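Undergrad: Take this structure first; my questions come after.
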Amino acid sequence: MSYGARVIRTGVSSGSPGSSSCPPPPGPEPGLLDGGYARSCSAMLKVAQMISLLIGFICVKNSPWTSYSASIYFEVVTMCDLIMILVFYFVYLFRAYRMLTCISWPLAELLHYLIGTLLLLIASIVTASKSYNSAGLVAGATFGFLATFLCALSIWLSYKISCITQSTDAAV
């Protein structure tokens with residue numbers, strides 16, 4: 001499974017089959033954990049997202065409430081987003097996507113990031129507007145905006161869509 005941008009490249013080599021200049025890609029590592037994923041940019045980005053969400057949650061939870069509904073909304077959104085990111089992290093880390101083939105994991109993750117990023121942006125804006133100079137709420141909103149940026153970066157890096165026009169010979 002690719003952990004970066006989803007790109008498929010095809011090519012034709014003019015050399016003999018045994019004279020490939022590139023070594024064959026390594027096979028999957030044996031064992032329960034996917035060590036390659038744990039060291040990938042996608043996994044580290046997920047860990048950074050989880051840390052910023054957890055810090056934002058703790059900041060808002062331990063600050064005096066200026067608006068009960070805004071604080072609770074931020075707490076619910078950050079915890080739901082954190083739990084879902086943790087689920088996707090474990091799915092890829094333990095290679096559960098190989099056993100659960102009935103789910104399109106890249107599509108599920110894309111939908112999670114789209115919806116979660118939008119809700120997190122709204123929660124951060126609401127918390128920032130209701131902070132009334134409370135240091136905990138300002139810090140929580142700041143970490144919420146950081147997590148929003150990291151989620152948007154994850155969407156950008158994982159799901160690059162390029163539109164390339166291809167010519168067809170049917171019109172000739």
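What follows draws every value from the coordinates through simple rules; no lab data is involved. As the structure is a computational prediction, the values presented were derived from the model and not from experiment. All Cβ positions, even for glycine, are placed from backbone atoms using ideal geometry, and neighbour counts span all protein chains on display.
Undergrad: Using DSSP to call loops (not H, G, I, E or B), can you name the chymotrypsin sites (Phe, Trp or Tyr not before Pro) in region 45-137 whose Cβ has at most 12 other Cβ atoms within 10 angstrom?
TA: Numbers: sites: F57, W65, Y68, Y73, F74, F88, Y89, F90, Y92, F94, Y97, Y113, Y132; in loops: W65, F94, Y132.
Sites meeting the loop and neighbour criteria: Y132.
Undergrad: Which ³J(HN,Hα) values in Hz, rounded to whole numbers, follow from the phi angles of region 62-75 under the Karplus curve 6.51 cos²θ - 1.76 cosθ + 1.60, where θ = phi - 60° and Gly and Pro get x?
TA: 9, 9, x, 6, 9, 9, 4, 5, 5, 5, 5, 4, 4, 5
Undergrad: Long-range amide H contacts for R95: which residues qualify at under 5 Å (H placed 1.01 Å from N, peptide plane, sequence gap of 5 or more or a different chain)?
TA: D34
Undergrad: Report the gain in length on full extension from M79 to A96: 0.36 nm times residue separation, minus Cα-Cα distance, nm rounded to one decimal. The partial results should precede the final answer.
TA: On the way: separation 17, 0.36 × 17 = 6.12 nm, distance 2.25 nm.
Answer, rounded to one decimal: 3.9 nm.
Undergrad: Residues with beta-carbon under 14 Å from that of V91, excluding V91: net charge, scoring Lys, Arg +1 and Asp, Glu -1? Intermediate values should be presented prior to the final figure.
TA: On the way: positive: K46, R95, R98; negative: D34, E109.
My count for the surroundings of V91 gives +1.
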